[in-house]
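Remarks on the structure that follows.
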Amino acid sequence: MTNHWIDIGNSDCILIMGSNAAECHPISFKWVLKAKEENGAKLLSVDPRFTRTSAQADFYTALRSGTDIAFLGGMINYIIENKLYNEEYLAYYTNAGFILGRKFGFKDGLFSGYNGKTHTYDKSQWAFEKDKEGNPKKDHRLRNSRCVFQQLKKHFSRYTLDKVSAITGTPEKDLIEVYKTYAATGKKGQAGTIMYAMGWTQHTVGVQNIRTMAIIQLLLGNMGVAGGGVNALRGESNVQGSTDHCLLWHIWPGYLKTPRSSNVSLEAYNKKFTPKTNDPLSANWWGNYPKYSVSFLKSMFGENGTPFNDFGFDWMPKADDGKPYSWLNLFDAMFRGEFTGFFAWGQNPACSGANAGKNRQAFAKLDWMVNVNLFDNETGSFWKGPDMDPKKIKTEVFFLPAAASVEKEGSITNSGRWSQWRYKAAEPLGDAKPDGDMMVELFVKIRELYQKEGGAFPEPIMNLKWDYDTDGKFDSHKVAKEINGYFLADVTVKGKNFKAGTLVPSFAFLQADGTTSSGNWLYCQSYTEKGNMAARRSTVDKSGIGLYSEWSWCWPVNRRIIYNRASVDRYGNPWDPKHPVIRWTGKKWVGDVPDGGWAPMLLADGKTNPKTKYPFIMKPEGHAHVFGPGRADGPFPEHYEPLECPIEKNLMSKQFINPTVKEFGTAADARATCDPRYPIVASTYRVTEHWQTGVMTRWQPWLLESQPQSFCEMSLELAKLKGIKNGDKVIVESARGKIEAVAIVTRRFKPFKIAGSTIHQVGMPWCYGWVTPKGGGDSSNLLTPSVGDPNTLIPETKAFMVNVKKA
């Protein structure tokens, strides 16, 4: 989240789309209700299904799954055509005024530079024109025909009300109501926010769904302000924290890049990933990249990492250039028998993974699996599950019982980037151990084996810094301090003297010469000589807008709303004086921790302040990206149909699906689009009563009493067509598998009118599995396709095709 949970209460309009916050993030919803009840905020719910969120909304409308870009593209067109955008914000804080080079173009669903053989783009054709200093040329009047704003206007002028309605199934009058209500937040003193979740991300255009909304927020000036932002509702209480600390393959902690094989040295690596700018007004904060990468390597290898061995850079794993190692890629490689061992740590991919049947077949090709979890589950017991013959399965499975969250101490970082310390409430039961204890024991044993037997590449293991235990047990405080980082020598930085062994006060003091360590530069300041910042619990709010700056700690540097220097005009006056995030006093900023302490952009006489910096400091040009040249599938969002869809053509262009989509080619990767065998759109979702795949909740009888078994929601019209009654057992089948479920016939779903045809949609939860309860049904992910967004390779589980029949 660019903002945070409490800040939702400052909004004047809340659009919940790609999310069912009332049921799936119920605690968050109190801030939505606060905004409605105390501020008179409008709540808009856009969802294929009428949900408990919709029941609380001031206005609800439906759309067909997989058509969010068309819906939001229509809003962009509405905002521009009716001149409802914040022109000053757009012209001076975003790249809307940047002039595009003459090679850029768009024709019939494809941007310039597309290679049909590789299904990739040559992004050099999306470059800006440069001036003699090498900076992008700009037109702050936004009139040049090749400036980003004019190209944006041209691109989305195609998204007319009738075209959007034909694609989404949303009535034109409903589109106008949503567009008009949300676009009103572009007025000064107003703010609108978006709350989204997996309903937006789990598509082959997932990244571009979010990009489209980000463009809307920039048009309206809703980034950096209280009650604004683009706010992802994370699906678990520490998803944000685990991502910050490199759960994903392509990053190191703090969103540093995983080295590629072509990065032959630390110098080459830093040069590759350190952006440059020639604009003196750009902070270009990623220009500090070497300070963060070297400090991370010092955290990894301590005194063994020196300038003479590139601080241990060659001991770090490298990814092959052009080869992804995402979830879908790993399970595809497992299915193909490309590796033999697997740690399933705190997960249940037999139910949670897209195309779960493929995953289950892949497990059978392993030599061994280690299943670390609280309870037995479909992954650890796959060998005795449906369609499996234990006599023919070679995989040896080890089960390590893990401690629950309340049985261990440490931090979590929530969706709003708040790192909060949790204390252990009880000892683990039986043989269960905290994850940290398992890791300590495992590493010690591995190192002993390397000491005894050698190995092909022992240096990373033998040189790793490992002093995170106390009396042989994992010590979360020691790890937290290492994440923050230490001074490793007596140094003077920014005129201040620091002794070796003291904790670094913030990332502004990290160095590239090996005199500092930091396990994650973004968290540098989280555990200082003043103590554990994540453990703070003051309920004093000096801001008056709910920042609560002394409750826990928020990255970066305890900044509660990022890009907050865009919350003021160029003189430093808040766009919304009633909810100021920061304000310039004439001498300094007051309020939240500012996104850099530089003075406002303009002096009192209206001239540019030579000591200022642009507000979007993480971008090399200092401006937010309306035009996003870094995306794999285009610098502007464009509507493409899901991989599986119910219509024969894309109504926006000749390009049917995302041209850069990642597909897999095994026998388990069947697909069916416009196939009469599978005429119904399907989506998956959560229920309040179960957690993720249900491993922790399906064993609880009181929760099973509330939600006992898998179900399939469908409209009255579809049920009549299929001869199905409420409570009937039904078979839901896709090209990949089938499940049995209980029919819930409901008015929450309605048929869509798409391009003149009637299209039905159904929905199913993904929280069930065959292990328990008996007769409760299996995972709906047995139906979903293993196809990925080209930017993130997140699977498309929210829009696929099925058939439903009475069992």
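The values are calculated or read from the model by the stated rules, or taken from the named source; none is laboratory data. These numbers come from a predicted model, not from an experiment. Note that each Cβ is placed from the backbone with ideal geometry, even for glycine, and that neighbours are counted across all protein chains shown. Please note that ligands, DNA and RNA were not included when accessible areas were found on the heavy atoms of the full protein model with its side chains. Shrake-Rupley method; radii C 1.70, N 1.55, O 1.52, S 1.80 Å.
Numbers for the structure displayed
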| item | result |
| --- | --- |
| Lone unmet requirement of (1) open to solvent by less than 20 Å² (accessible area, probe 1.4 Å); (2) farther than 26 Å from I582 by Cα; (3) of a type in the set (V, I, T); (4) in contact with a Ser or Thr (Cβ under 8 Å, 6 or more places away or on another chain) for I483 | (1) |
| Count of region 137-156 residues which are part of a helix (DSSP H, G or I), free of Cβ contacts under 8 Å to residues at least 12 places away in the same chain and open to solvent by 60 Å² or more (accessible area, probe 1.4 Å) | 1 |
| Candidate set from region 658-667 (those that are under 25 Å from the mean Cα position of the chain (by Cα) and open to solvent by 30 Å² or more (accessible area, probe 1.4 Å)); member that is farthest from V207 (Cα to Cα) | E663 |
| Pairs with Cβ under 9 Å, 6+ apart, first in region 157-179 and open to solvent by 20 Å² or more (accessible area, probe 1.4 Å), second modelled with pLDDT under 95 | A166/A755; A166/G756 |
| Which numbered condition A456 misses (of (1) open to solvent by less than 60 Å² (accessible area, probe 1.4 Å); (2) at pLDDT below 95) | (1) |
| Set Y527, Y548: member being farther than 30 Å from N270 by Cα, touching a residue at least 24 places away in the same chain (Cβ under 8 Å), buried (at least 19 other Cβ atoms within 10 Å of the Cβ) and among the aromatic types (F, W, Y) | Y548 |
| Unique match (being under 16 Å from A191 (Cβ atoms) and out of contact with any Phe, Trp or Tyr (no Cβ under 9 Å at 6 or more places or on another chain)) among I561, I582 | I561 |
| Residue in region 374-383 that is under 29 Å from P428 (Cβ atoms), of a type in the set (F, W, Y), buried (at least 22 other Cβ atoms within 10 Å of the Cβ) and touching a strand residue (DSSP E or B) at 6+ places or on another chain (Cβ under 9 Å) present | yes |
| Meets criteria (over 25 Å from Y255 (Cα atoms) and of a type outside the set (S, T, N, Q)) for D471 | yes |
| Conditions (1) surrounded by fewer than 21 Cβ atoms within 10 Å (Cβ to Cβ); (2) in contact (Cβ under 8 Å) with a residue 60 or more places away in the chain; (3) out of contact with any Phe, Trp or Tyr (no Cβ under 8 Å at 6 or more places or on another chain): number failed by T67 | (1) |
| Selected residue (criterion: farthest from G485 (Cα to Cα)) from residues of region 244-266 that are among the aliphatic types (A, V, I, L, M) and surrounded by 17 or more Cβ atoms within 10 Å (Cβ to Cβ) | L266 |
| Hits in region 67-103 (condition: part of a helix (DSSP H, G or I) and in contact with a Pro (Cβ under 6 Å, 6 or more places away or on another chain)) | I69, Y93 |
| Count of residues meeting criterion [surrounded by fewer than 22 Cβ atoms within 10 Å (Cβ to Cβ), within 17 Å of T784 (Cα to Cα) and among the charged types (D, E, K, R)] in region 352-367 | 0 |
| Condition met for Y196 (buried (at least 22 other Cβ atoms within 10 Å of the Cβ), touching a helix residue (DSSP H, G or I) at 6+ places or on another chain (Cβ under 8 Å), of a type in the set (S, T, Y) and modelled with pLDDT of 95 or more) | no |
| Matching entry among G241, G235, G134, G227 (being on the phi > 0 side of the Ramachandran plot and open to solvent by less than 20 Å² (accessible area, probe 1.4 Å)) | G227 |
| Any hit, region 430-451, residues being loosely packed, with under 12 Cβ neighbours inside 10 Å and either within 25 Å of I27 (Cβ to Cβ) or among the small types (G, A, S) (or both) | yes |
| The listed residue being under 24 Å from the mean Cα position of the chain (by Cα) and at pLDDT 95 or above, out of L90, L100, L44 | L44 |
| Residue ID - least open to solvent (accessible area, probe 1.4 Å), chosen from residues in region 44-53 that are of a type outside the set (V, I, T) and in contact (Cβ under 8 Å) with a residue 40 or more places away in the chain | L44 |
| Any strands (runs of 3 or more DSSP E) falling wholly within region 668-782 and containing at least 3 residues that are touching a strand residue (DSSP E or B) at 6+ places or on another chain (Cβ under 7 Å), open to solvent by less than 30 Å² (accessible area, probe 1.4 Å) and touching a residue at least 60 places away in the same chain (Cβ under 8 Å) | 680-685, 711-714, 761-765 |
| Subset of region 599-617 [part of a loop (DSSP other than H, G, I, E, B) and open to solvent by less than 50 Å² (accessible area, probe 1.4 Å)] | A599, P600, M601, G606, N609, T612, K613, Y614, P615, F616, I617 |
| Residues located in region 2-43, provided they are at positive phi and open to solvent by 30 Å² or more (accessible area, probe 1.4 Å) | G40 |
| Some residue of region 565-587 being polar (S, T, N, Q), part of a loop (DSSP other than H, G, I, E, B) and under 29 Å from the mean Cα position of the chain (by Cα) | no |
| Those helices (runs of 4 or more DSSP H) lying entirely in region 191-295 with at least 2 residues out of contact with any strand residue (DSSP E or B) (no Cβ under 7 Å at 6 or more places or on another chain) and farther than 30 Å from V148 by Cβ | 239-244, 266-273 |
| Conditions (1) of a type in the set (G, A, S); (2) open to solvent by less than 20 Å² (accessible area, probe 1.4 Å); (3) within 20 Å of the chain's Cα centre (by Cα): number failed by G221 | (3) |
| Any pair with Cβ under 7 angstrom, 6 or more apart, that starts in region 590-601 at a residue that is within 16 Å of Y571 (Cβ to Cβ) and ends at one that is among the β-branched types (V, I, T) and open to solvent by 20 Å² or more (accessible area, probe 1.4 Å) | M601/T608 |
| Unmet criterion (only one of (1) on the phi > 0 side of the Ramachandran plot; (2) in contact with a strand residue (DSSP E or B) (Cβ under 6 Å, 6 or more places away or on another chain)) for G302 | (2) |
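Conditions (1) surrounded by fewer than 21 Cβ atoms within 10 Å (Cβ to Cβ); (2) of a type in the set (S, T, Y); (3) free of Cβ contacts under 8 Å to residues at least 60 places away in the same chain, marked per residue:
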| residue | (1), (2), (3) |
| --- | --- |
| P275 | yes, no, no |
| Y292 | no, yes, no |
| F301 | no, no, no |
| N304 | yes, no, no |
| N309 | yes, no, yes |
| P324 | yes, no, no |
| R336 | yes, no, no |
| W345 | yes, no, no |
| A350 | no, no, no |
